[in-house]
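Below is one structure, written out as structure tokens; the observations come after it.
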């Protein structure tokens with residue numbers, strides 16, 4: 001396990017934080033809504049013996065800046081492009097979970113030549129016909145409800161009850177990241193999620209793609225994962241029993257599956273973690 005460094009990268013919309021560790025082919029990890037690249041520390045530790053791992057803080061999250069203006073998921077994907085340009089990384093492997101997955105698939109569709117391998121976990125390219133209204137309510141709650149009072153809703157979506165009972169330290173680690181997230185940025189990103197529709201970009205994705213979903217994920221349910229995998233040529237779908245919205249956190253052994261994708265090895269639906 002190598003030591004992590006934190007670098008601030010200047011972009012047109014402010015400084016963006018990049019946590020980096022390891023050596024080898026570069027891989028980028030993109031976090032869910034209202035969290036930060038810090039979420040990925042266990043996964044980054046696991047991958048850093050073989051890869052140059054970059055865990056980004058998306059706009060307004062973690063240590064990354066935000067100018068207070070509305071933004072879209074596509075804007076966040078363009079932020080990623082600016083960061084990779086600044087770091088002189090023309091092509092990477094990419095992983096995103098939840099909002100990070102929406103950013104990742106948007107990036108891979110906009111810049112297909114820049115993503116060689118892609119892992120999309122518990123995510124979607126579109127939240128459906130009622131998304132704008134539903135996410136507007138989520139944005140209102142993010143802005144107006146005290147963050148501690150939002151935790152029961154979040155934790156229930158993120159983790160299975162069994163995991164919350166068995167590993168309260170990891171649940172606490174993730175909730176502390178959530179508590180540090182700026183409420184206004186959380187609300188702005190929620191609005192962006194409601195307006196997300198990257199379905200048109202799916203046919204452009206050329207990366208070897210694995211779509212992962214928890215069977216009990218009711219935030220981005222398996223039906224959304226099937227549509228995502230069905231829209232990307234050659235994508236593999238891995239459905240995991242008993243898991244909710246943060247499969248890669250709840251099952252750290254999935255790092256071995258992620259490693260296979262980034263190493264260019266085949267992954268099938270029957271692959272064991």
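With both labels modelled 7 Å from their Cα along Cα-to-Cβ, the residue 253 to residue 87 distance reads 3.0 nm. Taking other C-beta atoms within 10 Å as the exposure proxy, 16, 94, 8, 224 rank 8, 224, 16, 94 from fewest upward. Once the C-beta distance of residue 268 and residue 182 is scaled by a Förster radius of 25 Å, the resulting FRET efficiency is 0.05 to the nearest 0.05.
The listed peptides 149-157, 39-47, ordered by packing as a protection proxy, come out as 39-47, 149-157 (highest mean of other Cβ atoms within 10 Å first). The label point for residue 136 and the one for residue 153, both projected 7 Å from the Cα toward the Cβ, are 1.6 nm apart. Candidates [x] 34; [y] 46; [z] 54; which is the computed percent of Cα pairs over 26 Å apart? The value computed from this structure is option [x].
When each of 73, 212, 177 is scored by the number of other beta-carbon atoms lying within 10 Å, the sequence from fewest to most is 177, 73, 212. Across segment 1-146, Cα pairs under 8 Å and at least six residues apart give a relative contact order of 22 percent. A simple spin-label model places the labels of residue 260 and residue 199 3.1 nm from each other, with each point 7 Å out along Cα-to-Cβ.
How high is the relative contact order of segment 93-170, given as a whole-number percent (alpha carbon pairs under 8 Å, six or more residues apart)? Across segment 93-170, relative contact order equals 25 percent. Mean-square fluctuations from a GNM of the chain, with a 10 angstrom spring cutoff on Cα atoms, peak among 98, 164, 36 at 164. This ranking places 178, 262, 111 by how few other beta-carbon atoms lie within 10 Å of each, fewest first, which gives 111, 178, 262. How many percent of Cα pairs in segment 90-217 exceed 21 Å? Of all Cα-Cα distances in segment 90-217, 49 percent exceed 21 Å. Only beta bridges with both residues in segment 5-262 are counted; by DSSP, about 35 percent of them are antiparallel. Mean sequence separation of contacting Cα pairs (under 8 Å, at least six apart), scaled by the length of the chain, corresponds to a relative contact order of 19 percent.
Bear in mind these aren't lab numbers, they're just calculated from the coordinates by the rules spelled out. Keep in mind it's a predicted model, so treat the numbers as computed, not measured. Cβ: placed from backbone, ideal geometry, glycine included. Neighbour counts: every protein chain shown.
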